[in-house]
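Below is one structure, written out as structure tokens; the observations come after it.
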Amino acid sequence: MRQQFLGALIGAAFGTVFVLVNSGDPLPAALGWILRALAVLALAAVVVLGVRAGGRPTLEGRPMFGPSYRFIVLGEVVLLFAGFFVLRLLEAPVQANVAWIATVVGLHFVALASAWKARSILVVGVVLTALGVVGLALLGTAAEWVPFLSGTLSGVTLLGGSLYGVRHP
């Protein structure tokens, strides 16, 4: 439970950041603030539920964070920076960055699902990847909506997956 709680906590923290950063225009301001508040409440719920279940976020035992995890994270970092470089070369709009991040983070979860034999995070990975790819596809026609689609909705996905993970050890 402890390592699963740590994973859920990491996912919830990143999900909250996705929502906090990307819930601005073109959303109405009130809706943006509601989404941000709900994200913070969801993060708090992950902490409370994890602690109540007897978990402490720890790396104790570390099989989850072994060589395959480190290799996947290294690949994620390389893909992120290589993608940012290519996007800059293509003079892509700034909204492309969040779509690329969602795509790569999604692929990271797909790879982790395989390495850890954890189907529950496969769903999160597929959804994040799809939100990122759709965001990249929308850059030419609706770039202003990409932060909401690839950012806010990715954050909601991460928060939902984290809440599920902490409730279903």
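The values are calculated or read from the model by the stated rules, or taken from the named source; none is laboratory data. Only a predicted model underlies this, so the values are computations on that prediction, with no experimental measurement involved. Here the Cβ positions follow ideal geometry from the backbone for every residue, glycine too, while neighbour counts run over all protein chains shown. Only protein heavy atoms, including side chains, enter the accessible area calculation; ligands, DNA and RNA are left aside. Shrake-Rupley method; radii C 1.70, N 1.55, O 1.52, S 1.80 Å.
Could you count how many residues in the stretch 11-51 are in contact (Cβ under 8 Å) with a residue 60 or more places away in the chain and either over 19 Å from LEU131 (Cβ atoms) or among the hydroxyl-bearing types (Ser, Thr, Tyr) (or both)? The number of residues fulfilling the criteria is 7.
Annotation: of all residues in the stretch 31-42 being among the hydrophobic types (A, V, I, L, M, F, W, C) and more than 17 Å from the chain's Cα centre (by Cα), the one that is most open to solvent (accessible area, probe 1.4 Å) is TRP33.
Helices (runs of 4 or more DSSP H) fully within the stretch 67-169 that include at least 3 residues being free of Cβ contacts under 8 Å to residues at least 24 places away in the same chain, farther than 22 Å from LEU20 by Cβ and open to solvent by 60 Å² or more (accessible area, probe 1.4 Å): 67-89, 119-137. For the stretch 55-62, the condition of being at pLDDT below 95, surrounded by fewer than 18 Cβ atoms within 10 Å (Cβ to Cβ) and either of a type in the set (Asp, Glu) or under 23 Å from ALA29 (Cα atoms) (or both) holds for at least one residue.
Just wondering, is there one or more residues in the stretch 11-30 that are more than 15 Å from the chain's Cα centre (by Cα), surrounded by fewer than 17 Cβ atoms within 10 Å (Cβ to Cβ), part of a helix (DSSP H, G or I) and at pLDDT 95 or above? If you could, list the steps in order and put the result at the bottom.
Here is the first cut: in the stretch 11-30, the residues more than 15 Å from the chain's Cα centre (by Cα) are 24-30.
When the remaining residues are screened for being surrounded by fewer than 17 Cβ atoms within 10 Å (Cβ to Cβ), the result is 24-26, 28-30.
With part of a helix (DSSP H, G or I) added as a condition, the list becomes 29-30.
Going one step further and asking which of them are at pLDDT 95 or above, we end up with 29-30.
Scanning the stretch 11-30, I find at least one residue that is more than 15 Å from the chain's Cα centre (by Cα), surrounded by fewer than 17 Cβ atoms within 10 Å (Cβ to Cβ), part of a helix (DSSP H, G or I) and at pLDDT 95 or above, so the answer is yes.
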